[in-house]
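Down below is the structure, laid out as structure tokens.
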Amino acid sequence: MKLVFAGTPEVAVPALDALINSGRHEVAAVVTRPDAPAGRGRRLVASPVAERAAEAGIEVLKPAKPRDTEFLERLREIGPDCCPVVAYGALLPRVALDIPVHGWVNLHFSLLPAWRGAAPVQHAVMAGDEITGASTFLIEEGLDSGPVYGTVTEEVRPTDTSGDLLTRLALAGAGLLTATMDGIEDGTLKAVPQPADGVSLAPKITVEDARIDWAAPALRVDRVVRGCTPAPGAWTTFRAERLKIVQVRPVPERTDLAPGQPAVGKNSVHVGTGSYAVELLWVQAQGKKPMRAADWARGVRVADGETLGDRH
């Protein structure tokens, strides 16, 4: 099939690579978000998908909005059979959805209808799911509600961050998306409507969602830290300044600390929660690089009576 691939971040690159290298389909063009400011200089930088497409000599389209007339005209000129999508980052209007013969097929990083929305992997980790996966589905105007072509499953490991899990899903999903294109082309694959029950939503994680509640159980604290790593980053406060919590480890044998109460040992920092303690392994103070929590604690000299998560 002639394809126009839509995607933006690094996580979409494995799928683009798989389609380019499939030997069966032609990636005629790529649609991605416009260049965005990045780094200290805030200079405009092309998306990872745009960079990969340019390396492969593929035409890159960067509409400000997918309903822009110029973009729609170019898409009609190309005449794609199908438009595979991975984390493109903009809502597609009906006029765009109707152009390719076989529609727009999205690779979504959950087992639909679970975790529809922008942050399925983070929500799966934060909810304590043991199994998640990826789905390919036909895009409709609703939120991730279209009929599903196929799925792959992936175990959520006990120490997985959302970044770890997303890396594995991007690779597994690339194979799924390529197989879906194959099946659509040869007519062996039919999309099946999603069940009405089992729907859960995964809206974008806000900075406030990533704030640690030390009165919550230790398992919840651990899940929030892992789910919010690498972005937006779990955090708490100490001496009225924000402290990013990069990695923790539950310590079930320690139950003597009140929520938010730190205990600094020679090479460890334990903090109380609503159940048992967690050990802070890596933290990042404002304006600093990530460091071992024990080194941070030595530097700030935590005094008796001081707590994490003060809301003054």
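For the stretch 159-285, the calculated P(r), taken from all Cα-Cα distances in 10 Å bins from zero up to the bin holding the longest distance, is 12, 32, 25, 15, 11, 5, 1 percent. Heavy-atom surface analysis with a 1.4 Å probe gives the stretch 56-153 a carbon and sulfur content of 49 percent of its accessible area. Close amide-amide hydrogen proximity is noted between V85 and A6, V105, N106, L107, each under 5 Å apart and 5 or more residues distant or on a separate chain (H modeled in the peptide plane; Pro and chain starts excluded). With the full set of protein chains in place, find how many percent of the accessible area of the stretch 222-261 is carbon and sulfur; take the probe as 1.4 Å. Carbon with sulfur: 50 percent of the solvent-accessible area. Per residue, the accessible area of the stretch 1-93 comes to 49 Å² when a 1.4 Å probe rolls over the protein heavy atoms.
When both the stretch 78-150 and the stretch 186-215 are represented by their alpha-carbon centers, they are found 10 Å apart.
For the stretch 256-312, the Cα gyration tensor yields ellipsoid semi-axes of 18, 13, 11 Å (square root of five times each eigenvalue, largest first, whole Å).
Near A96, once Lys and Arg are set to +1 and Asp and Glu to -1 for all other residues with Cβ below 13 Å from its Cβ, the sum equals -1. For the stretch 236-312, the solvent-accessible area of protein heavy atoms averages 59 Å² per residue (probe radius 1.4 Å; ligands and nucleic acids excluded).
Assuming charge only on the beta carbon of Lys and Arg (+1) and of Asp and Glu (-1), the dipole of the stretch 36-176 about its Cα centre is about 540 debye to the nearest 20. Taking the Cα centre of the stretch 208-300 as origin and assigning +1 to Lys and Arg Cβ atoms and -1 to Asp and Glu Cβ atoms, the resulting dipole is close to 340 debye. When you have a sec, figure out the Kirkwood radius of the stretch 33-86 from all distinct Cα pair distances and drop it here in Å to one decimal? One decimal place: 12.8 Å for the Kirkwood radius. For the chain, list the DSSP H helices whose alpha carbon atoms reach 27 Å or more along the long axis and whose average Kyte-Doolittle value is 0.5 or above? In the chain, the long hydrophobic H runs are 162-186. In order along the stretch 123-135, the Karplus-derived 3J(HN,Hα) couplings, from 6.51 cos²θ - 1.76 cosθ + 1.60 at θ = phi - 60°, round to 5, 4, 5, 5, 7, x, 4, 8, 10, 9, x, 9, 9 Hz, and Gly and Pro are given as x.
Computed over Cα pairs, the Kirkwood radius of the stretch 94-214 leads via Stokes-Einstein (1.306 mPa s, 10 °C) to a diffusion coefficient of 105 µm² per second. Report the local net charge at R168: Lys and Arg +1, Asp and Glu -1, summed over other residues whose C-beta lies under 11 Å from its C-beta. Net of charged neighbours comes to -3. Note on the stretch 1-98: Cα Rg divided by 2.2 N^0.38 Å, N the number of residues, gives 1.05.
Largest first, the extents of the alpha carbon coordinates of the stretch 12-170 on the three principal axes equal 47, 42, 31 Å.
P(r) tail for the chain: Cα pairs beyond 29 Å make up 44% of the total.
The values are calculated or read from the model by the stated rules, or taken from the named source; none is laboratory data. It should be emphasised that the depicted structure is a prediction, and the values quoted were computed from it without experimental measurement. Every residue, glycine as well, gets a Cβ built from its backbone with ideal geometry; the counts of neighbours run over all protein chains shown. Note: accessible area is taken over every heavy atom of the protein model, side chains too, but ligands, DNA and RNA are not part of it. Shrake-Rupley method; radii C 1.70, N 1.55, O 1.52, S 1.80 Å.
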